[in-house]
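The values are calculated or read from the model by the stated rules, or taken from the named source; none is laboratory data. Computed from a prediction, not measured in an experiment: that's the story for all the values here. Quick reminder, even Gly has a Cβ in these numbers, built from the backbone with ideal geometry, and neighbours come from all protein chains shown. The area values use the complete protein model at the heavy-atom level, side chains included, leaving out ligands, DNA and RNA. Shrake-Rupley method; radii C 1.70, N 1.55, O 1.52, S 1.80 Å.
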Amino acid sequence: MCGIVAYIGNKQAQPIVIKGLKRLEYRGYDSTGISYFDEDVLHTLKTAGKVSDLQAILTNTPENGATIALGHTRWATHGVPNDVNAHPQTSNSGNLVIVHNGIIENYASLKKELQYRGFTFQSDTDTEVLINLIQDVQDKEKVKLGKAVQIALSQVVGAYAIVVFDRQKPNELVAARLGSPLAIGIGENEFFVASDATPFVEYTKNVIYLEEEHLAIIRRNKAIKIRKIKDDLEVEPYVEKLQLSLEKIQKGGYDHFMLKEIFEQPTAIKDTLRGRLLSQEGVITLSSLREHENRFLKAKRILIVACGTSWHAGLVAEYLIEDFTRIPVEVEYASEFRYRNPIIYPDDVVISISQSGETADTIAAINIAKEKGAFVYGICNVVGSTISRITDTGCYTHAGPEIGVASTKAFTTQITVIALIGLYLGKANGTLSRSQYQEYVIELESLPDKVESIFASQSYIKQVAASFETSQNCIYLGRGYNFPVALEGALKLKEISYIHAEGYPAAEMKHGPIALIDKEMPVVVIATKKGYYEKVVSNIQEIKSREGRIIAIVSKGDIQVKELADYCIEIPDSSESFVPILSTIPLQLLSYFIAVKRGCNVDQPRNLAKSVTVE
Ligand code: F6R
């Protein structure tokens, strides 16, 4: 995710764009930049860091009276966050600039083609490829900017929200979107374009939310023109009235970032799969795996190092990778691993998992693994983070910025990457049959919709939460793939609501925890159909006979557990290996609603930091 702001009108553009970018920093904040056109000169200023860093640079430049500008706050997807990779990106002619949110999946082949025709590239971004493609079309076809953008976009595979400016046409902006949002604010003789309406909420309440695959031509003092990119039809702009408060818009209308991030999971999972999973063809493309396939296939063992929620994703990985590939997997807390003189063989593969890519214990564990000669593969969310740089290779989750301290979408997208890895390797070493592989691949693609469908239970989960608001303790139980989910559910509850919660493998109940059960004790049991359903039902009966209050996560259409449990939350059916992506969603919502009921600071719980960069 990145933030885009552009302005064309009669006011000084730069302060409007800068203020707007600050409001969009929740979308990304690793580098930033602005272009403005003043007295026939196109100025572009960019820097790694936050919008405040850009502001500091601007205070040292002469005042300008530009009334057209476009700016960007970046969450890197291609190329590390630095000044060169920051947006706006400029075309070879120096005439065109672009700000872009999204991922151009076929950028590598487009870049090759452009290089062949003499184009050169300064940055590692897919965005620089796109702006040069637009220039190429302009040069060849001699068409207006809007048409050139339209033709170029029809050659692009991926997702984009863009704003383009041509210094030869200084009274015009062209905006377009596919898969990433864009809102156009319509004021008195002025227009705003932004990733959401926050940047212009104090200037106008009239907004057009640009539709998928639509392109807008925005000219100074003229009516906006909107066209469909594919079939080239002009459409009537649909102007809506903005209702939202500033505060709400920054959180996309949600009360907390955590809730927003929970609801972003269908999109986040799609983004993780984008360009990597071609389900119809049965193809998984992970260049980092393809290039190092032999390291994985020859590994006698895979070691996983991670902390917290990422460690829980590691536990899911242990089950999944062993199931799919029959390669033994061990999962370690990075904080233990680094201090216990672990045995590591040079032919081990170490996978590190981290949302932030900055967790000190995980970094130390990676360094130890590297010293001992292991090959280290990193799964990270933050592009350009330390872990992404020190590992031998790896794969980004592309979940977008996670701002709520409690990790949600990072977890489900980490498991999505793990599923891709497991399937890729299982196919490569023949441990998955062709038909098993194909079934999994198709199911993986259906997961975002399945996650989405769980949100329909939101108000019921809120009701359930209200009954547990005053609880002091809570037990979470699951077996097999749902055991890590039980741990994750318990972690979510304790960190944001401060209720003591413990996760156990359901069968371990009888070895001690069952002594805790009485009529005051809420027990969350994940009892989905596939896996060890009958065994979990027996565990539920044991709790029931000791008067525990049971909240069960069950597969749609369940009958048996519904007769026993006090509350049942249904999730769609899925194969056992992918169930954690679904069963974790109601647990995130349950923790969230309990914490809200208790008046806790959900996004910034006490004593916790988003990224633990100290030991
Ligand atoms: C829990 C949570 C933490 C992190 C842990 C590792 O909700 O957010 O437990 O999972 O601090 O962080 P990363 O994944 O950034 O290495």
Legend entry - Elements of type helices (runs of 4 or more DSSP H) in region 518-615, at least 2 residues being over 23 Å from the mean Cα position of the chain (by Cα), away from the ligand (no atom under 16 Å from the Cβ) and among the polar types (S, T, N, Q): 533-544
Inset, instruction - Please state which of the following conditions K372 fails to meet, knowing it meets all the rest: (1) open to solvent by less than 30 Å² (accessible area, probe 1.4 Å); (2) more than 11 Å from the ligand (Cβ to nearest atom). - result: (1)
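In this structure, does T386 turn out to be open to solvent by 10 Å² or more (accessible area, probe 1.4 Å), polar (S, T, N, Q) and within 15 Å of the ligand (Cβ to nearest atom)? Can you show your working first?
Details: open to solvent by 10 Å² or more (accessible area, probe 1.4 Å): yes; polar (S, T, N, Q): yes; within 15 Å of the ligand (Cβ to nearest atom): yes.
So T386 fits the description; yes.
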Inset, instruction - Output the qualifying pairs, or none if there are none: Cβ atoms under 8 angstrom, residues six or more apart or on different chains, first residue in region 292-307 and assigned by TED's automatic domain parsing to the domain that holds E318 and of a type in the set (D, E), second residue more than 16 Å from the ligand (Cβ to nearest atom) and open to solvent by 40 Å² or more (accessible area, probe 1.4 Å). - result: E293/A428
Legend entry - Candidates A515, A490, A465, A506, filtered to the one that is outside the structural domain of W311 (by TED's automatic domain parsing) and either open to solvent by 30 Å² or more (accessible area, probe 1.4 Å) or not aliphatic (A, V, I, L, M) (or both): A515
Legend entry - Residues of region 59-77 satisfying the condition of being without any contact (Cβ under 8 Å) to a residue 60 or more places away in the chain and open to solvent by less than 30 Å² (accessible area, probe 1.4 Å): N64, A66
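Looking at I351, I379, which one is touching a Leu at 6+ places or on another chain (Cβ under 8 Å) and either within 15 Å of the ligand (Cβ to nearest atom) or assigned by TED's automatic domain parsing to the domain that holds T77 (or both)? Even if it seems obvious, please write down each step before you answer.
Working: I379 fails: touching a Leu at 6+ places or on another chain (Cβ under 8 Å).
From the options I351, I379, the qualifying one is I351.
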Inset, instruction - All but one of (1) open to solvent by 10 Å² or more (accessible area, probe 1.4 Å); (2) more than 25 Å from A490 (Cα to Cα) hold for I421, so report the exception by its number. - result: (1)
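Every residue, every condition in (1) under 30 Å from S457 (Cβ atoms); (2) more than 10 Å from the chain's Cα centre (by Cα), yes or no:
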{"residue": "G253", "(1), (2)": "yes, yes"}
{"residue": "F257", "(1), (2)": "yes, yes"}
{"residue": "E264", "(1), (2)": "yes, no"}
{"residue": "I269", "(1), (2)": "yes, no"}
{"residue": "R274", "(1), (2)": "yes, yes"}
{"residue": "E281", "(1), (2)": "no, yes"}
{"residue": "T285", "(1), (2)": "no, yes"}
{"residue": "S288", "(1), (2)": "no, yes"}
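Residue by residue, here is whether (1) open to solvent by 10 Å² or more (accessible area, probe 1.4 Å); (2) on the phi > 0 side of the Ramachandran plot; (3) not in a loop (DSSP other than H, G, I, E, B) holds:
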{"position": "L297", "(1), (2), (3)": "yes, no, yes"}
{"position": "W311", "(1), (2), (3)": "yes, no, yes"}
{"position": "S335", "(1), (2), (3)": "yes, no, yes"}
{"position": "Y339", "(1), (2), (3)": "yes, no, no"}
{"position": "P342", "(1), (2), (3)": "no, no, no"}
{"position": "P346", "(1), (2), (3)": "yes, no, no"}
{"position": "I353", "(1), (2), (3)": "no, no, yes"}
{"position": "G357", "(1), (2), (3)": "no, yes, no"}
